[in-house]
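Each remark here refers to the structure printed beneath this line.
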Amino acid sequence: MHIKLVSIALLSISIFSCTSNESTEEAKAAERAELLKDPEGVKQTKPDLLATVPFKKVPAVDSTNFDNFNGEDKLSEKLVSKLQLKSIDPNYQNFHSRYRIALSTDIDLLVVTLAAENELKTFLISYRKDDYELIDKVMISYDEIAESAFRSVGKITNDGIVVTNYNYMGEEPVVDVKKYRIDKTTGKFLLKS
C-alpha cells in the first residue's frame, strides 16, 4: 500500500512539473511577443528596449534568405521609431528583430532583417545602451528572388565582420569579400583595406 501511495505521489508531482514547465515556456513566449508589440511596456518593466531579443554567441554566420526566414518577431512602429530603423532604408515597412550580440557594457549589437516582397536585407546595427542612439550599421546578408542573382552572407566574430557578396548575373559568378573591424569602444564598423 505504501509503495502505491508513493508511486501516485511521484506521478502527480511529475505531471504537475511538466505542465508547469510548459505553461512557463508558453508564458515567456507570450510575454516576449507582447513586449515586441508594445515597446512602452518594455520600457516600463525593463529599462532595456531589446530585452526580449535573444543573444547569439560569436562566431555567428548570418545567411538570412527566403528559404530560412520565417517572418517572426516583427517590430512595432514605436520600436522601429525608437531604434531609428527607417533611417537605414526608408523604403521598407517590415522590420524583424533577429538576435543580439554582446559587444561591451556600453554598446549593444542588434541584427535586424528588413523584409520586402522580393528582397531581404539583414543588418548588424550598433547602439549606445544608455539611449539607443544608432551608432553604425552594416549589411551582413542579402537575398532577392526577383532575379535570384544576388546574395550576401556574413560572419560575425569578436574582432570583426566578413561579408561575402555573390553576383550570378554573368556567365561566371563574381564574389566580392568585404572585411570590417569592430571598434568595441565606439561601436563603429571600420572597413579594412
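The values are calculated or read from the model by the stated rules, or taken from the named source; none is laboratory data. A quick note: this is a predicted structure, and the numbers were derived from the prediction, not measured. In this analysis, Cβ positions are derived from the backbone assuming ideal geometry, glycine residues included, and neighbour counts consider all displayed protein chains. For accessibility, only protein heavy atoms count, side chains too; no ligands or nucleic acids. Shrake-Rupley method; radii C 1.70, N 1.55, O 1.52, S 1.80 Å.
Some notes on this structure:
- FRET efficiency estimate (nearest 0.05) - Cβ-Cβ, Met169 to Asn68, R0 22 angstrom: 0.40
- Point-charge dipole on Cβ atoms (K/R +1, D/E -1) for segment 67-132, about Cα centre, debye to 20: 180
- Over segment 94-189 - Rg/Rh using Cα atoms and the Kirkwood inverse-distance radius: 1.03
- Spin-label model distance (nm) - Gln93 vs Asn118, 7 Å beyond Cα toward Cβ: 1.8
- Rolling a 1.4 Å probe over the heavy atoms of the protein chains gives segment 54-193 an accessible area of 54 Å² per residue.
- Inter-site label distance for Ala60 and Arg181 at 7 Å from Cα along Cβ, in nm: 2.3
- Here the 3J(HN,Hα) profile of segment 59-66, calculated from phi with Karplus coefficients 6.51, -1.76 and 1.60 at θ = phi - 60°, is x, 10, 9, 10, 10, 3, 8, 5 Hz, Gly and Pro shown as x.
- Residues whose placed amide H lies under 5 Å from that of Phe150, excluding near-sequence neighbours: Glu144, Tyr168
- Euclidean distance between Cα centres, segment 145-168 to segment 106-139, Å: 16
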